[in-house]
Amino acid sequence: MVKGPCRGAFCDFWGRVKIRKSSVEELAAGIRQAIVMCDNQDAMARENALREYWHVLGIRNMKRLCEEEPELCAKMTEAELQARI
C-alpha cells in the first residue's frame, strides 16, 4: 500500500521517490539529454522539453510538489540550473 495522498491521475508518489533517490548530477544529465533531443533550440521548446522530462519521471503537478516538499523542489531547481550550464 502506498502511503500519502494520491490524487488519481495526479498521483506523483513514485516520481517523488525517483527524484529523492537520484543525485542532482543524475537529474541534470537527464535534463540535458531531454533538451538535446529537442531539435528546436528556442526557449519555449526547451521549456516544453523540461516539463516533459519531469512528467516522464512521474511529476504531475509541480506547484503542489513545491508546496508540499520544498526541499525536493529545491533539488529539482538545482538540477535544472546545472543542466543549463
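Points worth noting:
Let's see how each residue does on (1) of a type in the set (A, V, I, L, M); (2) surrounded by 15 or more Cβ atoms within 10 Å (Cβ to Cβ); (3) touching a residue at least 40 places away in the same chain (Cβ under 8 Å):
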| residue | (1), (2), (3) |
| --- | --- |
| I35 | yes, yes, yes |
| C38 | no, yes, no |
| A43 | yes, no, no |
| R46 | no, yes, no |
| R51 | no, no, no |
| W54 | no, yes, no |
| G58 | no, yes, yes |
| L65 | yes, yes, yes |
| E68 | no, no, no |
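- Check on R60, modelled with pLDDT of 90 or more and in contact with a Cys (Cβ under 8 Å, 6 or more places away or on another chain): yes
- Output for region 17-39, where each listed residue is under 19 Å from A49 (Cα atoms) and among the charged types (D, E, K, R): K18, E25, E26, R32, D39
- Leading residue by the ranking (modelled with the highest pLDDT) among those in region 7-24 that are surrounded by fewer than 12 Cβ atoms within 10 Å (Cβ to Cβ) and not in a helix (DSSP H, G or I): S23
- Count of region 51-85 residues which are of a type in the set (K, R) and within 17 Å of E25 (Cβ to Cβ): 2
The values are calculated or read from the model by the stated rules, or taken from the named source; none is laboratory data. All of these numbers come straight from a predicted model, not from anything done at the bench. Note: ideal-geometry Cβ built from the backbone for every residue, glycine included; neighbour counts use all protein chains shown.
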